[in-house]
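A quick write-up on the structure given underneath.
The values are calculated or read from the model by the stated rules, or taken from the named source; none is laboratory data. If you're wondering where the values come from, they're calculated on a predicted model, not measured in any experiment. Because the Cβ atoms are built from the backbone with ideal geometry, glycine has one as well, and the counts that use them run over all protein chains shown. When the accessible area is computed, the model is the full protein with side chains, heavy atoms only, and any ligands, DNA or RNA have been set aside. Shrake-Rupley method; radii C 1.70, N 1.55, O 1.52, S 1.80 Å.
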Amino acid sequence: MLQTDGPGAEAWVPRPAAPGRARVLLRAGRRALQGGARAEGLALTAAACALDASLFCRPWGLLPHLQAEGRGSLRPRMRARLQSWYQAPRSQVHAHVSALSRKMAMRAYVEDLGLPLPRLYQAAPRLEALDWAALPERVVVKPQNASSCRGVIVAAAGWDHIGRAACGGGLPGYAQALYGRTFETPVPVMAEELLADVQAAEDPALAVPRDFKVFAAGGHAGFVCVHDRNAPDGKRSLATVDREGRRLPHAEKGWPEAEEFTVPPGYGALIAMAEHLSRRLPWLLRLDFYLTPRGPVFGELTSYPNAGGKFTGFARRTLLQMWELWPD
């Protein structure tokens, strides 16, 4: 059962449930898809999902049709999106969304929507320009424009929790060496607040806050991957849950599946924020949040999650289904 107490709980808007009617609509949608009535089938399926959000993660009978059309593989479709959104944008809308991959532009956009962000300590054109003496001991240093975890340092107590290495000789020297190995030329950087996990007091091992990665489209949260990086190899566990916080099949390869997962306080408010953002950016995106003692805090968004790879069959199918309802 979804816990609606805790920080930001007043923002949670439960979705009306009509599971019986929703399943009738889903069955009708499947029959329409099987009969070749694609538009009708998708309209019925969308109506079913609006009544019961758990149906986003059920099979719709759509995947065989996508495979027959050569559109049933996630990775090449993500690569095509990268080309059409970032390398040669086909529209002003796509150019606008791709610009949000630059973290300072992303911060400005999210701030305008009123969503909370980690405190920004500094932004600089290159690593050497940071005022290291003014930074706290707990800090996140990262490139402004790089993808994935390249160049990201999550520093606390002399340890980089992303690089899984001691910051020997001090953080400035460690960062300089890392960036020298990672980037051919200097890159603009930023230093942000290292947040605390909402349940860190209960679980002291949560030195790094968990990532709540919400896969959303059209104002709807499909499923959430909760990454816990607090292990020597940076992969303590992964829990996959739906909008209501109920467990789903494992979504990402290479991560140990969490044996247990309790929906933390503030999860409902996090989903509400994700859907608020998704209504304004309705394409299939991954929206990353943290849950902290002060409530949900936005991390970043990506239109190219995992480069379309490392997903399990369940996650690939669900993402392709959502993408079909809200195409680019």
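List of remarks:
- Accessible carbon and sulfur surface of segment 45-98 relative to its total accessible area, %, 1.4 Å: 55 percent
- Taken over segment 246-297, the alpha-carbon convex hull comes to 114 cubic angstrom per residue.
- Helical runs (DSSP H, four residues minimum) scored at -39500 (n - 2.57) apiece and divided by the length of the chain put the mean residue ellipticity at 222 nm at -9500 deg cm²/dmol.
- Value in Å of the Kirkwood radius, where segment 63-108 supplies the Cα pairs that are averaged: 12.0 Å
- Zone of Leu117's modelled label, taken as backbone nitrogen in segment 132-153 under 13 Å from a point 7 Å along Cα→Cβ: 144-145
- Spin-label model distance (nm) - Ala166 vs Arg280, 7 Å beyond Cα toward Cβ: 4.5 nm
- Taking the square roots of five times each eigenvalue of the Cα gyration tensor of segment 164-289, the equivalent ellipsoid has semi-axes of 29, 20, 14 Å, listed largest first.
- Between 0 and 90°, nearest 10: helix 103-112 axis offset from the chain longest Cα axis: 60 degrees
- Vicinal HN-Hα couplings computed from phi for segment 228-237 (Karplus, 6.51 cos²θ - 1.76 cosθ + 1.60; Hz; Gly/Pro x): 10, 9, 8, 8, x, 8, x, 9, 6, 5
- Reduced Cα scattering model of the chain, Debye log10 I(q)/I(0), q = 0.07, 0.09, 0.15 Å⁻¹: -0.30, -0.49, -1.33
- Over segment 87-216, relative contact order from alpha-carbon pairs under 8 Å, at least 6 apart, %: 25 percent
- Virtual paramagnetic centre 7 Å along Cα→Cβ of Tyr86, amide N under 17 Å, in segment 125-164: 143-152
- If the chain linking Ala95 and Arg150 were pulled fully straight, counting 0.36 nm for each residue of separation and taking away their Cα-Cα distance, it would gain 17.5 nm.
- For segment 158-299, the fraction of 1.4 Å probe accessible surface lying on carbon and sulfur atoms is 52 percent.
- For the pair Thr182 and Glu69, label points projected 7 Å from Cα toward Cβ lie 3.9 nm apart.
- With all protein chains modelled, accessible area of Arg138 [1.4 Å, Å²]: 80 Å²
- Residue-normalised accessible area of segment 181-302, expressed per residue, 1.4 Å probe, Å²: 35 Å²
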